[in-house]
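To keep things clear, I will list the structure first and then write my remarks on it.
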Amino acid sequence: MSNKVTKAVFPVAGLGTRFLPATKSVPKEIMTLVDRPLVQYAIDEARAAGITEFIFVTARGKSALEDYFDNMPALEDELRRKGKTDLLETLQATNMESGTIAYIRQHRALGLGHAVWCARRLIGDEPFAVMLPDDVIAAEKPCLAQMVEAYQETGGSMVAAMEVPHDQTSAYGILDVQEDMDALVSVRGMVEKPAEGRAPSNLAVIGRYILNPSVLENLNAMKQGAGGEIQLTDAIAQDIRGPNNVYGYRFRGQRFDCGSKAGFLQATVAFGLARADLRDDLTSFLQEIMIAQAAE
Ligand code: G1P
């Protein structure tokens, strides 16, 4: 089995209820961070890591997502005609080569593990990445590229990892660390959303994975885990008992939880401040607002 990672799965079937009423008609993944939909950040990160095949696990009501990845030749012609080269380049940078993007329906919301399992036939017998577009990671070297590099050395399934406050461990998959080797940790167990006081550490799984295809076999059992859902964490943890090691990778970068309103707003501010065309306006606005708040 080659250890080259060329396929990525994007589970995007979630209902996005935390963003109602917006998500009545707009899929969460299309919601805009500065000027690009959330999912574009994940796609760009995947491309930077050498991914060439993109598999979306979708659900009813997500057709706007498929439309987003369509090319717009008429608009491109129009922009070309008007000499709007910058906009044309922005638009063209989002074009996907025909045949590199696939959509699979998850017919029932049975959990993240089940969503990934739905893509099993497209993945086949090779290592693959999973990216949760809710987790947006600002990093000099994109997170998945960091992981692919580490994976070439280690083999074995790998999850992105980050320390979280102890009182938040029940919102994550949590690693039981066997050996801590700085950025890399080897893992002896993983628990999805441990009950309070039961977390083996505060090292949490963040939504970037490189997985061996054996994880898909583990998912065949359709075992329910935390919250009655088929959990990806459990299927990865099952591999630890097999011949494969499993690793956590402490990535360099800042992660934003864009699945929550507060996280989405924080990401909007941080990504806005990182943009040369927005920085000055945004900075003075934030300063004014902070001064006004302090005076209240
Ligand atoms: C999912 C995973 C969890 C992981 C988290 C990271 O949970 O199941 O293991 O820690 O993403 O964002 P969710 O946030 O979908 O409940």
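The values are calculated or read from the model by the stated rules, or taken from the named source; none is laboratory data. Quick caveat, the model's predicted, so the values are computed rather than measured. As a convention, Cβ positions derive from the backbone with ideal geometry for all residues, glycine included, and neighbour counts pool all protein chains shown. Remember, those area values only see protein heavy atoms, side chains included, never the ligands or the DNA or RNA. Shrake-Rupley method; radii C 1.70, N 1.55, O 1.52, S 1.80 Å.
If you check 234, 280, which single one turns out to be within 13 Å of the ligand (Cβ to nearest atom) and at negative phi? Let's see the steps before the verdict.
Values: 280 fails: within 13 Å of the ligand (Cβ to nearest atom).
Testing whether each residue is within 13 Å of the ligand (Cβ to nearest atom) and at negative phi leaves just 234.
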Check residue 247 against each of (1) outside any loop (DSSP other than H, G, I, E, B); (2) open to solvent by 80 Å² or more (accessible area, probe 1.4 Å); (3) farther than 22 Å from residue 39 by Cα and name the one condition it does not meet.
(2)
Suppose we keep only residues that are touching a Leu at 6+ places or on another chain (Cβ under 8 Å) and hydrophobic (A, V, I, L, M, F, W, C) within segment 72-101. Which one would you say is surrounded by the fewest Cβ atoms within 10 Å (Cβ to Cβ)?
75
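For segment 134-165, how many residues are of a type outside the set (A, V, I, L, M) and touching a Phe, Trp or Tyr at 6+ places or on another chain (Cβ under 6 Å)? Give the steps one after another, and end with the answer.
From segment 134-165, those of a type outside the set (A, V, I, L, M) are 134-135, 140-143, 146, 149, 151-157, 163, 165; that's our starting set.
Now restrict to residues that are touching a Phe, Trp or Tyr at 6+ places or on another chain (Cβ under 6 Å): 143, 146, 154, 156.
Summing the residues that are of a type outside the set (A, V, I, L, M) and touching a Phe, Trp or Tyr at 6+ places or on another chain (Cβ under 6 Å) in segment 134-165 gives 4.
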Being of a type in the set (Gly, Ala, Ser) and assigned to a helix (DSSP H, G or I) is the filter here; which residues of segment 32-50 pass it?
42, 46, 48
Filter result for residue 140 (out of contact with any Asp or Glu (no Cβ under 6 Å at 6 or more places or on another chain), more than 16 Å from the ligand (Cβ to nearest atom) and of a type in the set (D, E, K, R)):
yes
What are the residue pairs meeting all of these: first residue in segment 221-244, first residue within 10 Å of residue 113 (Cβ to Cβ) and of a type in the set (A, V, I, L, M, F, W, C), second residue open to solvent by 40 Å² or more (accessible area, probe 1.4 Å) and part of a loop (DSSP other than H, G, I, E, B), Cβ atoms under 6 Å, and 6 or more apart or on different chains?
230/110; 230/222
Of (1) open to solvent by less than 30 Å² (accessible area, probe 1.4 Å); (2) under 20 Å from the mean Cα position of the chain (by Cα); (3) without any contact (Cβ under 8 Å) to a residue 60 or more places away in the chain, residue 51 fails just (3)
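Going through 135, 125 one at a time, which residue ends up being open to solvent by 20 Å² or more (accessible area, probe 1.4 Å) and either of a type in the set (D, E, K, R) or within 13 Å of the ligand (Cβ to nearest atom) (or both)?
Details: 135 fails: open to solvent by 20 Å² or more (accessible area, probe 1.4 Å).
After applying the criteria, what remains is 125.
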Among the candidates 208, 252, 198, 241, single out the residue that is closer than 27 Å to residue 30 by Cα and open to solvent by 10 Å² or more (accessible area, probe 1.4 Å).
252
Residue 229 - would you say it is at negative phi, surrounded by fewer than 23 Cβ atoms within 10 Å (Cβ to Cβ), away from the ligand (no atom under 15 Å from the Cβ) and acidic (Asp, Glu)?
no
